[in-house]
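Heads up, the thing below is written out as structure tokens.
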Amino acid sequence: MIKSFHQKMLGLRARMGTYWSMLLGAVFSIVVVITGIVGYMVIEGWDFVSAFYMVVITLSTVGFMEVHQLSDAGRIFTAFMIIGGVGSFLYIAAAFSQVLVEGRLQILWGRRRMMKEIGKLKDHFIVCGYGRIGSIVTQEIMGEGYSVVVIEQNPELIERMEQEGVLCIEGDATSDAVLLSVGLLHARSLISALTSEAANVYVTLTARQLNPDINIIARAGDKSHIARLELAGANRVVLPHFIGGIRMAQSVLRPTATNFVELALRGGIDLQMEELYVSPDSELVSKDLIESQIRPRFNLIIIAIKKANGDMVFNPGPKEIIHSGDTLLAVGKKRDLTAIQAIL
């Protein structure tokens, strides 16, 4: 319970940003007022109205006379009240002045609105790093109509994303507070695309500890780092340079097939590959591929079936049974892939 409260406080601090100092000052001022009222009622035996009035004229330093004659203990208590009240006021004034002096008030309001929008997200994607890899990942996911939040430390990239309408937060992706502030506990997947190998390992480890059920995809620069990232909790590790090299080689060895795949991925033709999860209530459960009528009804080709236990059946035969929890790897037109969702 204490850990949960600590996580909530870290998330609140990250969302508040510069306003966190002002919030602390306001909370301290309220504590001073409540302490003063209770103190006068206990020490001097005054009623609530007299104690409240004494606190107001004391903290406002207007110089009015005391409500009643103070005892020595009451005078010492009043002295500490003045110190606490003036201190909290100066703290709030300094925090507010910092916001004004930096000229970031308008920016902060805009980012606060963005944080409110991020706070409402569910089942979204989190991308750590908006470099060459992270920016492509973000644009691809957004192009599919999904919500994405990016964590980035570079102020220039933050400004660029704000202009492009990308939800983002400026901060360190290895921080628990930052990860929680972008809705890690409610996210579908996290993609760690930072340039630092050590940072990717740390982000993966932290995210897995905070949300044991989240799907984590991590970037690696070398094959030797795959085992380390998987041990940290990554569901899958991707080597961008390795994949790029394979694609270039395939472009030379099998240009027609490679061009076909690239056209499909870039939207040059109306063709898409999609994962279709079969829910327990689906009408496809316990039917084979012929009985399911997927090909004649939706004009889709099932090229593989991933079983609930993780086994993969490639090029399944017509008598292959579809079970609850299976994932169908289908190829077809986007509208047909959308239509079949109704029976899943």
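Here, each number is a calculation from the coordinates, and none is a lab measurement. What you see is a predicted model; the values in this text were computed from it and never measured. No Cβ is skipped: glycine too gets one built from the backbone with ideal geometry, and neighbour counts run over all protein chains shown.
One compactness figure for the range 270-343 is 0.98, namely its Cα radius of gyration divided by 2.2 N^0.38 Å. The phi torsions of the range 177-191, fed into the Karplus equation with coefficients 6.51, -1.76 and 1.60 and a -60° offset, translate into couplings of 4, 5, 4, 5, 5, 9, x, 4, 5, 10, 7, 7, 8, 10, 10 Hz, rounded to whole numbers, with Gly and Pro shown as x. Normalised by the number of residues in the range 119-238, the average gap of Cα pairs under 8 Å and 6 or more apart makes the relative contact order 25 percent. Here the Kirkwood formula, the inverse mean of 1/r across different C-alpha pairs, assigns the chain a hydrodynamic radius of 25.0 Å. Averaging the sequence gap over all C-alpha pairs within less than 8 Å and six or more residues apart, then dividing by the number of residues, gives the chain a relative contact order of 11 percent. Given axes a ≥ b ≥ c from the Cα gyration tensor, I'd like to know whether the range 173-294 is rounded (a/c under 1.5), prolate (a/b larger than b/c) or oblate. Here the range 173-294 falls in the oblate category. Does anything in the range 241-256 have its amide N under 16 Å from the 7 Å Cα→Cβ label point of Met312, and if so which residues? Residues 243 qualify, since their backbone N sits under 16 Å from the label point. When the Debye formula is applied to the Cα atoms of the range 119-238, each taken as the same point scatterer, what base-10 log of I(q)/I(0) results at q = 0.12 Å⁻¹? Listed by q, the Debye log ratios stand at -0.36.
When you restrict to C-alpha pairs under 8 Å that are six or more residues apart and normalise by the size of the range 270-343, the relative contact order lands at 46 percent.
The lysine pair count for the chain, using Cα distances under 29 Å and pairs eight or more places apart or on different chains, is 26.
The antiparallel fraction among DSSP beta bridges confined to the chain stands at about 45%. What is the range 19-103 by shape, rounded, prolate or oblate, if you read a ≥ b ≥ c off the alpha carbon gyration tensor as root eigenvalues and call it rounded for a/c under 1.5, prolate for a/b larger than b/c, and oblate otherwise? Here the range 19-103 falls in the prolate category. Within a Cβ distance under 9 Å of Lys306, other residues only, what is the Lys/Arg minus Asp/Glu net charge? Result for the local shell: -2.
Over the chain, DSSP H runs of length four or greater, each weighted -39,500 (n - 2.57), average out per residue to a 222 nm ellipticity of -17000 deg cm²/dmol.
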